[in-house]
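Report on the following structure.
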Amino acid sequence: MKKKIIIFMPSIEGGGVEKNLFIIVNFLSKKFKKICLITASKEFKKKFKGIDLICPNLDLSSYNRKVKYIFCLYELLKLIIKNRDIVVFSFQANIYCILLTKLFNIKIVVRSNSSPSGWSKNFIKKKIFKFVLGLADTIIVNSNDFKKEFKTKFNLNSVKIYNPLNKNEIIKLANKKVNFPFFDKSKKTLKLINIGRLTDQKDHITLLRSVKELKKKINFKLLIIGRGINLDEINNYIKFNKLQNNVKILNFKNNPFPYLKKAHLFILTSRFEGLPNVLLEAATLKKFIISTRCPTGPNEILKNGKLGFLCKVGNYKEIAKKILYFKLNKNLSNKMIKKNFNSLYRFDSNENLKKYLLELKKLLENK
C-alpha cells in the first residue's frame, strides 16, 4: 500500500464533526505512515499526532468557510499535480472535493455529516448532489436512518459507521473542576443544558420558547454553550422575555463536560442532524435526554423514545411538558438513564475506528 492518504478538512471549528476528525485521523496515523491533512485551521495543529499538515500560506482564520474551501482546494490541486498516487478522505466541502479528484481520476472517500433533509430541499441542488456524490468511491454516513435517506433521496449506497465514542476520555475531562455558581445555588433548581452552534439548524429559539412556558411553574436554570451567527437573536429573545435570571450563554468551550456533569437534563432542539455526538456525551455522563425527533440520529440513539424523550421538531409546548414530566418522574427517568448508558457499546471507539480502517484499506489495495 504505497498510496498516500490525504485528509481534507478546510475549516476546523470545534464542533461534533471536528471531534470525530481528531479521533479518526489520530487513529489512522498509527496505521499508515503516509498520511497528511489539508486545512486552513493551523491553530488546531496540536490536536493531531504523527501527520503532516498542509496549510495555505495566508492567515485565513478571520475568513468564512467558502474562502477556506477555495484555498485548500488549491493546495489539494498542487498535491495532485505532483503525485497522483493518493487516496483522498474528505470530511468537508465534499462536492467540490469530489469534482476536483475525479478530474484526475483520484479515488475519494467522503464522510457526510448531516442529514440530507437539511440541505437537499431545492430540486436543482438535489439533482447536482445526487450526480456528484455518485462519483465518490465510498460514502460514509453515521447512522442507519442517514443511510436510508441517502438511498431513498439519491438512490445511493453508503457505508454506516457510528461516531467513535471514547467514554473514558469524556468522564476524565468531566472531572475537571470549574467554578460555576449559576448551577450551584440551589439543589431544588432544575439544571438544564444545551451545547451546540448558535445556528438555525440547532433552533435555540424553540428551546427558549419551551423554558418560557415553565417560568411560572418551576425553578430552573438553562445553560447554553456555543457560538454562532444567531447569538444576537438569542440574546434579544432572552432580554425581551425577561429570562436573564434563568438563562445563561457561555462561549464555545474546548471542554464543556464539567458543565454538562453539573446539569440534570440535556435538551437538543435541532431541526436536522447526522448522529449528534452531544447526545452520546450526555448519555456517557448519565444525563437524561430530551431531543427533537429530527432527521437523523436522535431516534436511533434513544431507541425510538425508550432511552429518552423525543419531541416533534419545533414543538416547544411538547418539550416544556416533557421537562415537567422529567421533574415529576425521577424513578422512570433514572431507569432510562441507566439503560441509555448501557446501550453505548454500539458506539465503541475501537470497533467503529476499525471500520474506517477497513474502508480505506479497500481503496488503497484496489489499484
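The values are calculated or read from the model by the stated rules, or taken from the named source; none is laboratory data. Small disclaimer: the values here were computed from a predicted structure and weren't measured. Heads up, the Cβs are rebuilt from the backbone with ideal geometry, glycines too, and the neighbour counts pull from every protein chain shown. Ligands, DNA and RNA are excluded from the accessible area calculation, which covers all protein heavy atoms including side chains. Shrake-Rupley method; radii C 1.70, N 1.55, O 1.52, S 1.80 Å.
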Seminar exercise, completed: Expected vector for the range 123-128, Karplus 3J(HN,Hα) from phi with 6.51, -1.76, 1.60 and θ = phi - 60°, integer Hz, x for Gly and Pro, equals 4, 5, 4, 4, 5, 5
Problem set entry | Nearest-0.05 FRET efficiency for residue 362 and residue 251, computed from C-beta distance (R0 45 Å) | 0.60
Problem set entry | 15 Å reach of a label modelled at residue 126, 7 Å along Cα-to-Cβ, counting backbone N of the range 150-190 | 150-156
Seminar exercise, completed: For the chain, longest principal axis from Cα atoms; helix 144-154 axis from its Cα atoms; angle between them, nearest 10 degrees, is 60 degrees
For this session: Grab the Cα-Cα distance for residue 176 and residue 239, subtract it from 0.36 nm times how many residues apart they are, and report the gain in nm with one decimal.
Result: 19.5 nm
Exercise. Taking a probe of 1.4 angstrom, what is the accessible area of residue 9 in Å², to the nearest 10?
Worked result: 0 Å²
Exercise. What residues qualify as long-range amide H neighbours of residue 302, i.e. H under 5 Å apart, gap of 5 or more or another chain, H built at 1.01 Å from N?
Worked result: none
For this session: Would you mind checking which residues have amide H under 5 Å from residue 268's amide H? H placed 1.01 Å from N; only 5 or more apart, or other chain.
Result: 290, 291, 292
Exercise. Along the Cα-to-Cβ line of residue 318, 7 Å from the Cα, sits a label point; which residues in the range 187-223 have backbone N less than 15 Å from it?
Worked result: 206-207, 210
Seminar exercise, completed: For the residue 344, residue 81 Cβ pair and Förster radius 51 Å, calculated FRET efficiency rounded to 0.05 is 0.70
Problem set entry | the range 275-336: trypsin sites (Lys or Arg not before Pro) falling in loop per DSSP and having at most 13 other Cβ within 10 Å | 286, 306, 312
Problem set entry | Separation of alpha-carbon centers, the range 113-164 and the range 311-367, rounded to whole Å | 20 Å
